[in-house]
1. For the range 157-180, what are the residues that are surrounded by fewer than 20 Cβ atoms within 10 Å (Cβ to Cβ) and among the charged types (D, E, K, R)?
2. Give the residue that is nearest to R249 (Cα to Cα), with candidates limited to residues of the range 187-238 that are buried (at least 22 other Cβ atoms within 10 Å of the Cβ) and at pLDDT 80 or above.
3. Go through the range 159-170 and give me each residue that's within 20 Å of L266 (Cβ to Cβ) and either in contact with a helix residue (DSSP H, G or I) (Cβ under 6 Å, 6 or more places away or on another chain) or β-branched (V, I, T) (or both).
4. Determine, yes or no, whether G267 is modelled with pLDDT under 75, surrounded by fewer than 22 Cβ atoms within 10 Å (Cβ to Cβ) and assigned to a helix (DSSP H, G or I).
Amino acid sequence: MANVGSGPGKPPQAAEDAVVERAAELATEVSEADQPTERRRLVASIAGAARSGARASGRGVRSARRRVGTAGRRVGSSTGRLSAQVVAMAQRLRVRDQAALRAQFPGRSAEDIADALIESAARASAAVGGAVGAWAALPALPAYPVEVATETLALIGIEVKLVAELHEAYGMPAPGNAMDRMTSYVAAWAHRRGVSMIPGGLVLAAGSPLARRLRWRLATRMGRSAFSLSPLLTGAVAGAMLNRQETRRLAHSVRTDLRRARAETLGDGR
């Protein structure tokens, strides 16, 4: 996997691109890991990515400690850049199409495959939340705001991949080329809807309804991440629980739309 560390001559944009690439790899691999030990090993590397991101941004421990008290209030200010990172990361996710899913889960129905995908994604997001939440108990935080953003980026990758693969499992993939499809799945994630049910179009231009919705969803997600890192909570346990619940809630909403759209499509075909 790519090393996201930034040497003395590494431009900030290159370091940021490397973090996005790393988050996409982690989201893909953690989602598809079969064993808890493998998920823990993969998620542990998020800490290294976050610390490297902190060095690239010039944020040290003292700065982090000053900002811990305001992290939850300031997450909205960083959603513009995070929106761009999410879109860039989504293009790098490895999404299994319907043929690949059927080969991996032979003899299973679309409902069975969806169950397996949701359970795997819920475990993966819990692992991410648990690993990052545990850092709140450390005596010296590497860089609190960076960890919140890194957790959020990896978690969104897990959930966007889940949204995409649920569409494939039900035989309802988004139309267009690879970039169009992944933009559609980011929109579906932001709206918690199936692609065919998204209101307001799929234009991600600044100020568009989708761009505003994405920024709002990111601010909400980052707020939950900051809350899960609170010293008043149990750290790893709280982060794991909140992430697992949120991923399952998202999956339920998208799955409901896909079931409805699939039933309508099959009904039209009779």
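The values are calculated or read from the model by the stated rules, or taken from the named source; none is laboratory data. What you see is a predicted model, and the numbers here were worked out from it, not measured in a lab. All Cβ positions, glycine included, derive from the backbone under ideal geometry; neighbour counts span all protein chains shown.
1. D180, the sole residue that qualifies.
2. So, considering only residues that are buried (at least 22 other Cβ atoms within 10 Å of the Cβ) and at pLDDT 80 or above, the one nearest to R249 (Cα to Cα) is W189.
3. Once the filter is applied, which keeps residues that are within 20 Å of L266 (Cβ to Cβ) and either in contact with a helix residue (DSSP H, G or I) (Cβ under 6 Å, 6 or more places away or on another chain) or β-branched (V, I, T) (or both), the range 159-170 yields L166, E168, A169, Y170.
4. yes
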